[in-house]
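One structure below.
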Amino acid sequence: MRYCIVGAGFSGAVIARALAEAGQKVLVIDERGTAGGNCHSERDADTGVMVHVYGPHIFHTGNERVWDYVQKFGDWVPYNHRVQAVAGGRVFSLPVNLLTINQFFNRVMSPDEARAFIAAQAQKIAEPQNFEEQALSMIGPDLYRAFFRGYTRKQWGVEPTELPASILKRLPVRFTYEDSYFAHPHQAMPRDGYTEVVKAILDVPGVEVRLSTRFEDLDESFAHVIFSGPIDRYFNYEFGRLGYRTLDFERFTHKGDFQGTAVLNYCDEDVPFTRITEHKHFAPWERDKFEGSVLYREFSRLCGPEDIPYYPIRQTNEEAMLRKYVERAKATPGVSFVGRLGSYRYLDMDVTIAEALDASDRMIAAIREGQSLPAFFVEPLGA
């Protein structure tokens, strides 16, 4: 019997190819009509701009195995991501860096002076227990209120005190004028879009791809199922629905250049959207070819039953429910859960690919040794 992989995003595609190259037959299904998952991209018919249909995805990594892997399946063009932010009627660069600090406080400080100044602003919290405490201990109340409090409430729909400190730990504070959003050595965009990369990964003998197909509608037997959809959905929400945020996009076009950058965050809480993304700036090597521009205003809200889940919230009060699903999964033979939704963890694209490659190695070794596959290759409760 062949293996069934639910989800034609990066997790599913990487694992499918590895299994096929190891001699296994694989069926990959996705309920959408396109491959690529939330990374799906396509050219806008009217403007020619490559659009990140489900919101922007920026590839960045320090993992050499991942970097070598993705280069096999497309032409990757260097891309240095920068983010600007509107707060209090002024524009600043993010992440918080020396220019942001000097602009915000109307000072001219050296790196050492700024470091000491921010240390004096920061509150002494030995072990921050939530997002707000982490922010106050890193940058103090003024920068926190300007750049993070309102934006976070809009993005997550809860008070920052209800979110884990780990969310903010991913964002650096720099005491130089370096304004690149990411610090990884490899940062790039696929010239022809992410969907073509995923399709190339899936283009291997032994893999059948069946789009517009729900797992719940399949009536076939499989050697094993690798599920990259929401773990609570697989068990028909037996213990309740885990919390996710979803995004609504207000798409509009503009003749010329609307904002001069790919991403402009709106930090003030009285602005209903979190950011505006201008998609031709995600491909600077070709943006001047296009007279028109495609933009999204992003609105974040709680994910409902019919919505696309984007970000697992992972509030403290959800841990008991998640634990029940993890225990249920471990007691259910014949299925493994992978990816952001399957393991209910926030994952960057390169981490998703790295975990799929590692899971593939372990699957193939287990199959060759006649062992059963585990429910998880990365423990969800350990994140």
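The values are calculated or read from the model by the stated rules, or taken from the named source; none is laboratory data. Here the structure is a predicted model, which means the values were calculated and not measured. With ideal geometry, Cβ positions are generated from the backbone for all residues, glycine too; neighbour counts draw on all protein chains shown.
Based on this model, can you work out whether residue 245 counts as charged (D, E, K, R), surrounded by 15 or more Cβ atoms within 10 Å (Cβ to Cβ), in contact with a strand residue (DSSP E or B) (Cβ under 8 Å, 6 or more places away or on another chain) and outside any loop (DSSP other than H, G, I, E, B)?
Yes.
Looking at segment 331-369, which of its residues are surrounded by 20 or more Cβ atoms within 10 Å (Cβ to Cβ) and of a type in the set (Gly, Ala, Ser)?
Across segment 331-369, the qualifying residues are 336, 339, 342, 343, 356, 359, 360.
Scan segment 47-64 and tell me whether some residue there is farther than 30 Å from residue 293 by Cα, touching a Ser or Thr at 6+ places or on another chain (Cβ under 6 Å), modelled with pLDDT of 95 or more and of a type outside the set (Val, Ile, Thr).
No, there is no match, as no residue in segment 47-64 is farther than 30 Å from residue 293 by Cα, touching a Ser or Thr at 6+ places or on another chain (Cβ under 6 Å), modelled with pLDDT of 95 or more and of a type outside the set (Val, Ile, Thr).
Only one of these conditions is not met by residue 90: (1) touching a Leu at 6+ places or on another chain (Cβ under 6 Å); (2) farther than 23 Å from residue 199 by Cβ. Which number is it?
Status for residue 90: all satisfied but (1).
If a residue must be at pLDDT 95 or above and closer than 15 Å to residue 9 by Cα, how many such residues does segment 310-338 contain?
Selection size over segment 310-338: 2.
Which one of these does residue 138 not meet: (1) modelled with pLDDT under 95; (2) buried (at least 19 other Cβ atoms within 10 Å of the Cβ); (3) touching a helix residue (DSSP H, G or I) at 6+ places or on another chain (Cβ under 6 Å)?
Every listed condition holds for residue 138 apart from (3).
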